[in-house]
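Below is one structure, written out as structure tokens; the observations come after it.
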Amino acid sequence: MSRFMSEKNRVLSPYVPGEQPKTQEKIVKLNTNESPFPPSPLAVSMAKEKTENLQLYCDPTAAMLKRAISEEYGVPENCIAVSNGSDELLDFAFQAFSSYDVPAVFPDITYGFYPVFARRNHVPFLEKPLDGDLRIDPEDYISVHGMVVIANPNAPTGIMLGTDQIERIVSSRPDTVTVVDEAYVDFGGESALPLIKKYPNLLVVRTFSKSRSLAGARLGYGFASEELISDIETIRNSTNPYNVNSVTMAAGTGAMKDREYTENNCRTIIRNREKYTALLKELGFVTTDSKANFIFAKHEKVSGKDLYLMLKERGVLIRHFDLPRITEYNRITVGSEEQMDVLIKNIKEILEEIR
Ligand SMILES: *Cc1c(COP(=O)(O)O)cnc(C)c1O
């Protein structure tokens, strides 16, 4: 940090995104949970049309996009927020609902951005350890005082908590906000969305990055009571009212309207997840019960780091987290069958080599 960086920023410790290789070489990229499928053709055509009008500001109320989301999920538009990637909405939630003197609470192993947002917002935080099977123990969150953030399914384990458990947490702490990050819910998770009618303190956060193939467009959305959304809007309009650009807004609207395309892709990912989880298990891997678009796996014959490095050398990128409790694991994005076959072939060769 330069000597000009202000005092308040000394605590910052930025998020480190998964590698985005710059080379033209053919690599199999299974490290950042992107979709192996292109965006819906409707998303692409609507976005292209908008590029002709980029001289105009985008709609700061995102009316067209919110209408499409509202129609798809049956939620009124004033209970919907949209953002520049769901990361931005998570940041807005920290800005709006966390506190300088009560720690925010989330699991010790979860999406790495939560502690980053907490630090940037100068909010203390408590990390509740996952249990021995890498599961979230709902008891850890019952009646706690600070803002709670839970990814469901959790990352990078893929393990899901039932909606009944989410409801227990939300209802036990009616005076503080619970954020449920449903980035992976479309791959077989259970959504807390129906609970927003009953609980004014629940914020459900979603993204177009995974199931809707729009990671590069940066588009997130969220559902909550009218009062919470109104607070999010206050933060958003105090930060950047034009946070979702017009091309992204059009792409998102098209993607939201093309339900069949999304459902088909999700079905394929789920099928591939089950198929390749079974194949990895046959090869001696231990995996978690993932309900996401990735497989979280370890092998007793090869360390997590070594497998990651050996696959990288062979042009297959997966994600390794150098964290004590999960260092033996790797997170493998579920790709197309073609990509997954390359992965399995290389893993077989590696296991053969080290035998
Ligand atoms: C990918 C991911 C996000 C962020 O998604 P963007 O919408 O691309 O910002 C948020 N939460 C979790 C748990 C994720 O895995």
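The values are calculated or read from the model by the stated rules, or taken from the named source; none is laboratory data. The structure presented is a predicted model; accordingly, all values stated were derived computationally and were not measured. So basically every Cβ, Gly included, is an ideal-geometry build from the backbone, and we count neighbours across all protein chains shown.
PRO194 passes every criterion in (1) surrounded by 18 or more Cβ atoms within 10 Å (Cβ to Cβ); (2) more than 17 Å from the chain's Cα centre (by Cα); (3) closer than 30 Å to THR248 by Cα apart from (1). Comparison of PHE106, PHE92 shows that the only residue that is outside any strand (DSSP E or B) and within 15 Å of the ligand (Cβ to nearest atom) is PHE92. For the residues ALA297, ALA292, the requirement of being at negative phi, in a strand (DSSP E or B) and touching a Phe, Trp or Tyr at 6+ places or on another chain (Cβ under 6 Å) singles out ALA297.
Condition test on SER238, is it of a type in the set (Ser, Thr, Tyr), modelled with pLDDT of 95 or more and touching a helix residue (DSSP H, G or I) at 6+ places or on another chain (Cβ under 8 Å)? No: the conditions fail for SER238.
So that you can scan it fast, the table gives a plain yes or no per residue for (1) within 22 Å of LYS312 (Cα to Cα); (2) over 21 Å from the mean Cα position of the chain (by Cα); (3) touching a residue at least 40 places away in the same chain (Cβ under 8 Å):
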| residue | (1), (2), (3) |
| --- | --- |
| LYS26 | yes, yes, yes |
| PRO39 | no, no, yes |
| GLU49 | no, yes, yes |
| CYS58 | no, yes, yes |
| ILE69 | no, no, yes |
| CYS79 | no, no, yes |
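Only one entry of SER86, SER35, SER45 meets the criterion of being under 22 Å from the mean Cα position of the chain (by Cα) and either exposed (fewer than 14 other Cβ atoms within 10 Å of the Cβ) or assigned to a helix (DSSP H, G or I) (or both), and that entry is SER86.
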